[in-house]
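Quick notes on the structure that follows.
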Amino acid sequence: MKSCARTIRFAVAMLAAGMLFSAFAGGPLYVTGPSAVTPGEPYRWAGSVIRYKTDQGGLGNRTNAEADAMVSAAFRVWEDVDSASIGFQNDGKLSSDITAVNILSFQNMLGMCSDPSQPPGSIVYDLDGSIIEALGMDKNSVLGFAGAVCTNDRLGTYTRGWAVMNGRFIDGEPDSAGHQSVTLDEFHGVFVHEFGHLIGLGHSQINVGCATDCSAEDLSGVPTMFPLLVGDGQATLNTDDISMVSSLYPESSFHASTGRIQGRVVFSDGVTPAQGYNVIARNTADARVTAVSSVSGYRFTAGAGNPLVPFGMDTSFFYGSHDRNLIGFYDIPGLPPGTYTVEVEAILNSDPLPFVYESGVGPIGDYLGFQYKMPGSCDLQYLHHPPRPTDDCGTRTTVSVGPGQVLSTGTDIVLIGTGPRYDAWEGEGE
Ligand SMILES: [Ca+2]
Ligand SMILES: [Ca+2]
Ligand SMILES: [Ca+2]
Ligand SMILES: [Zn+2]
């Protein structure tokens, strides 16, 4: 075992224009709400090429040209995914060097969504962390952030986004508690992660033990979109990242060449859906690394029918479908053909770094700031079909998926030990 975590995190940008409660789904970054043409669908960029401009000035101890090269290299990682079709075009420089002095006016300008003079994508270089600080975040723990600024909520498309990269982590200072630094290879991973948000990916939880301690094998299975930077392995995409970008921007080959598992997480009655749990399909040949995750109910709003929503909170800002059939529903596409187990666990809910708000995984943590604990007798359990009263936490079914196959029967995961019937919303929160 080795200690592999740092207490530094990626953050997701909140939408501008007063939409403070607009938040995120697990898997896709945002999911359309009831006013959309098609509710419950991930937001995505409309075109296949996203045009962007980069900041002036340096990034840590990197020159502006070196920072631009890091941007191109990180976009290329997403472009190079064979099963996805998304591209990026550099349209030159932002009109001024963005710094702590002008960041707020720049942010306001970006937030004027009807003003067409802003580029669809803006990549901001924070020379020394002072921009991050000016925006009210901790410059010693937030590596950067990215996300949508403007959206078309009817069509479920992004029209403007940005990323801010914190150069303080690569200013050449030695790594210490009071001044955390990362390698350039790790910072490449930060760029790739933030650009994942920019194109519509949310956070993923796979091999959650790596938030504190984990094996080298588990570490290599941590996806780029994990909420924490745990090593330079996040500069290369894992199966989960590839599945997500390919789902948003599929090449015609994607669905035909991969398998997909869909089902629901339900309480012990086998009927009542359970919202906000992390579901992972793991390939039995390479279980710690070849894995794809989904959050149960990720397409459903966090703001309806949930008594844990604080009284008086305006949930009309919450995204996600109001179709109750989507409560507890999980969807795991992009599986390389093979044999899988399907497991369910809580999303990290303990201090010091629960996966909530800007580090959130799934809509509950993102909107409401907590994650459900597992409600029954298992911290981790598996799909077992058909379920039996004698099942224990380790009982599992292995399922095989071939190219183009969608497995959607016999895929409900029945939580063990929650009582014969359990109200989906009461008692399991913290
Ligand atoms: Ca491609
Ligand atoms: Ca700058
Ligand atoms: Ca990787
Ligand atoms: Zn992030």
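Inspect the stretch 267-289 for any residue being part of a helix (DSSP H, G or I), among the β-branched types (V, I, T) and either in the same structural domain as V124 (by TED's automatic domain parsing) or in contact (Cβ under 8 Å) with a residue 24 or more places away in the chain (or both) and give the result as yes or no.
no
Listed residues D91, D55, D126, D82; which is in contact with a helix residue (DSSP H, G or I) (Cβ under 8 Å, 6 or more places away or on another chain) and over 25 Å from R168 (Cβ atoms)? Steps first, please.
On the way: D91 fails: in contact with a helix residue (DSSP H, G or I) (Cβ under 8 Å, 6 or more places away or on another chain); D55 fails: over 25 Å from R168 (Cβ atoms); D126 fails: over 25 Å from R168 (Cβ atoms).
Testing whether each residue is in contact with a helix residue (DSSP H, G or I) (Cβ under 8 Å, 6 or more places away or on another chain) and over 25 Å from R168 (Cβ atoms) leaves just D82.
Could you go through the stretch 235-243 and let me know if any residue there is without any contact (Cβ under 8 Å) to a residue 12 or more places away in the chain and surrounded by fewer than 23 Cβ atoms within 10 Å (Cβ to Cβ). Give the steps one after another, and end with the answer.
Filtering the stretch 235-243 for residues without any contact (Cβ under 8 Å) to a residue 12 or more places away in the chain gives none.
No, the stretch 235-243 contains no residue that is without any contact (Cβ under 8 Å) to a residue 12 or more places away in the chain and surrounded by fewer than 23 Cβ atoms within 10 Å (Cβ to Cβ).
Just one of I103, I50, I123 is on the phi < 0 side of the Ramachandran plot and within 16 Å of ligand 4 (Cβ to nearest atom); which is it?
Details: I103 fails: within 16 Å of ligand 4 (Cβ to nearest atom); I50 fails: within 16 Å of ligand 4 (Cβ to nearest atom).
Only one candidate qualifies: I123.
Looking at the structure I just gave you, is R396 among the charged types (D, E, K, R), out of contact with any Leu (no Cβ under 7 Å at 6 or more places or on another chain) and not in a strand (DSSP E or B)? If you could, list the steps in order and put the result at the bottom.
Details: among the charged types (D, E, K, R): yes; out of contact with any Leu (no Cβ under 7 Å at 6 or more places or on another chain): no; not in a strand (DSSP E or B): yes.
So R396 fails the test.
Of everything in the stretch 286-302, what is modelled with pLDDT under 95 and open to solvent by 20 Å² or more (accessible area, probe 1.4 Å)? Give them in sequence order.
Y298, R299
Which one of these does H203 not meet: (1) open to solvent by less than 10 Å² (accessible area, probe 1.4 Å); (2) touching a Leu at 6+ places or on another chain (Cβ under 7 Å); (3) under 30 Å from L415 (Cα atoms); (4) modelled with pLDDT under 95?
(2)
Consider the stretch 141-164. How many of its residues are part of a strand (DSSP E or B) and either outside the structural domain of R51 (by TED's automatic domain parsing) or small (G, A, S) (or both)?
The initial filter retains those residues of the stretch 141-164 that are part of a strand (DSSP E or B), namely 142-152, 157-164.
Remaining after also requiring either outside the structural domain of R51 (by TED's automatic domain parsing) or small (G, A, S) (or both): 144, 146-148, 161, 163.
Result for the stretch 141-164: 6.
In the stretch 111-130, what count of residues is obtained for those that are in a helix (DSSP H, G or I) and touching a Cys at 6+ places or on another chain (Cβ under 8 Å)?
We begin by selecting, within the stretch 111-130, every residue in a helix (DSSP H, G or I); these are 111, 130.
Next, from what is left, pick out any that are touching a Cys at 6+ places or on another chain (Cβ under 8 Å): 111.
Selection size over the stretch 111-130: 1.
If you go through the stretch 211-240 one residue at a time, how many are of a type in the set (A, V, I, L, M, F, W, C) and closer than 20 Å to S83 by Cα?
Of the stretch 211-240, the ones of a type in the set (A, V, I, L, M, F, W, C) are 211, 214, 216, 219, 222, 225-226, 228-230, 235, 237.
Filter again for closer than 20 Å to S83 by Cα, leaving 225, 235, 237.
Total meeting the criteria: 3.
For H179, indicate whether it is free of Cβ contacts under 8 Å to residues at least 40 places away in the same chain and either part of a loop (DSSP other than H, G, I, E, B) or open to solvent by less than 10 Å² (accessible area, probe 1.4 Å) (or both). Talk me through it step by step, then tell me what you get.
On the way: free of Cβ contacts under 8 Å to residues at least 40 places away in the same chain: yes; either part of a loop (DSSP other than H, G, I, E, B) or open to solvent by less than 10 Å² (accessible area, probe 1.4 Å) (or both): yes.
For H179, the condition - free of Cβ contacts under 8 Å to residues at least 40 places away in the same chain and either part of a loop (DSSP other than H, G, I, E, B) or open to solvent by less than 10 Å² (accessible area, probe 1.4 Å) (or both) - is met.
Go through the residues of the stretch 85-108 one by one and say whether even a single one is in a loop (DSSP other than H, G, I, E, B), at pLDDT 95 or above and within 16 Å of ligand 1 (Cβ to nearest atom).
Checked against the condition, which is being in a loop (DSSP other than H, G, I, E, B), at pLDDT 95 or above and within 16 Å of ligand 1 (Cβ to nearest atom), the stretch 85-108 yields at least one hit.
Any idea which of G161, G221 is within 28 Å of A134 (Cα to Cα) and surrounded by 21 or more Cβ atoms within 10 Å (Cβ to Cβ)? Write out each step before concluding.
Details: G221 fails: within 28 Å of A134 (Cα to Cα).
None of the others qualify; the one that does is G161.
If we keep just the residues of the stretch 95-143 that are open to solvent by less than 10 Å² (accessible area, probe 1.4 Å) and under 21 Å from V49 (Cα atoms), which is nearest to ligand 3 (Cβ to nearest atom)?
I123
Looking at V77, is it modelled with pLDDT of 95 or more and surrounded by fewer than 15 Cβ atoms within 10 Å (Cβ to Cβ)? Steps first, please.
On the way: modelled with pLDDT of 95 or more: yes; surrounded by fewer than 15 Cβ atoms within 10 Å (Cβ to Cβ): no.
For V77, the condition - modelled with pLDDT of 95 or more and surrounded by fewer than 15 Cβ atoms within 10 Å (Cβ to Cβ) - is not met.
Check whether at least one residue in the stretch 50-70 is away from ligand 2 (no atom under 16 Å from the Cβ) and assigned to a strand (DSSP E or B), and report yes or no.
yes
Checking V190 against (1) open to solvent by less than 10 Å² (accessible area, probe 1.4 Å); (2) assigned by TED's automatic domain parsing to the domain that holds Q89; (3) in contact with a helix residue (DSSP H, G or I) (Cβ under 7 Å, 6 or more places away or on another chain), only one condition comes out false. Which one?
(3)
The values are calculated or read from the model by the stated rules, or taken from the named source; none is laboratory data. Just so it is clear, the structure is predicted and the values come from calculations on it, not from any experiment. Counting neighbours? That spans all protein chains shown, and the Cβs are built from the backbone with ideal geometry, glycine included. With ligands, DNA and RNA removed, areas are computed over all heavy atoms of the protein, side chains included. Shrake-Rupley method; radii C 1.70, N 1.55, O 1.52, S 1.80 Å.
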